[in-house]
Amino acid sequence: VALPPSDVVVVQQTTTSILVSWIQSSVATGYRIHYNSSEGNQGSKTVSGGFTNSYTLTSLQNGVIYTVSVLATSEHVSSESVRAPHDVGLVPGQPTIGTETGTTFILLSWSFPSGSVVTRTFVEWSSNQCPANTLGGNTTITDVSTSYTISHLIPGTSYNVSLVASNYAGTSSS
């Protein structure tokens with residue numbers, strides 16, 4: 001009889017993958033990783049080798065919550081399944097940013113890869129043309145907006161702008 005793995009945890013997640021790890025079972029000859037999505041999709045991956053202690057699930061759909069569990073196998077017998085302690089959502093994809101500028105404003109508009117679930121967008125701007133980078137600011141947007149106007153800018157000044165999105169799973173790249 002295969003003993004179940006212990007301490008099943010999600011170690012890392014990206015926009016399309018989840019790395020899950022566990023403490024090995026002493027008599028396992030392999031492991032089966034099961035996943036279910038909030039949209040009803042499910043799958044499993046089989047890993048050979050009792051000394052394996054992690055696996056990366058890939059080609060997952062962004063914006064979907066996954067439940068992940070692992071069970072140990074030994075010959076033709078499987079252990080009980082051990083579930084990761086939290087459902088896992090994926091980090092939002094990198095935003096695509098468009099701009100329109102005027103004398104004293106920058107109108108930002110953005111979109112995210114299909115399926116990205118975004119709960120917060122952070123916009124930051126600054127200028128290195130001023131001592132101590134005193135020209136700048138930031139704002140956090142907590143609704144589903146896809147645009148923001150940075151106003152009261154100084155004409156003829158160059159500004160650096162960054163935008164990142166986040167959800168309960170993490171933060172996108174800028």
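Annotations for the structure displayed:
- Lys, Arg +1 and Asp, Glu -1 on Cβ, resulting dipole of the chain about Cα centre, debye, nearest 20: 120
- The heavy atoms of ILE23 present about 90 square angstrom of accessible area, all protein chains included, probe 1.4 Å.
- Note on PHE122: accessible area is roughly 70 Å² with a 1.4 Å probe, heavy atoms of protein only.
- Neighbours of LEU108 by Cβ distance under 12 Å: Lys/Arg scored +1, Asp/Glu scored -1, total -2.
- Per-residue SASA entry for ILE97, accessible area with 1.4 Å probe, Å² rounded to 10: 80
- Extended-chain gain in nm, criterion 0.36 nm per residue less alpha-carbon gap, HIS152 and ASP7: 46.9 nm
- Toward the positive end of the charge dipole of the chain, with +1 on the Cβ of Lys and Arg and -1 on the Cβ of Asp and Glu, the farthest Cα among THR29, SER111, TYR55 is that of THR29.
The values are calculated or read from the model by the stated rules, or taken from the named source; none is laboratory data. Just so we're clear, the structure is a prediction, and the values are computed from it rather than from any experiment. Here Cβ is always computed from backbone atoms with ideal geometry, including for glycine, and neighbour counts include all displayed protein chains. We work out accessible area using only protein heavy atoms, side chains counted, and drop any ligands, DNA or RNA first. Shrake-Rupley method; radii C 1.70, N 1.55, O 1.52, S 1.80 Å.
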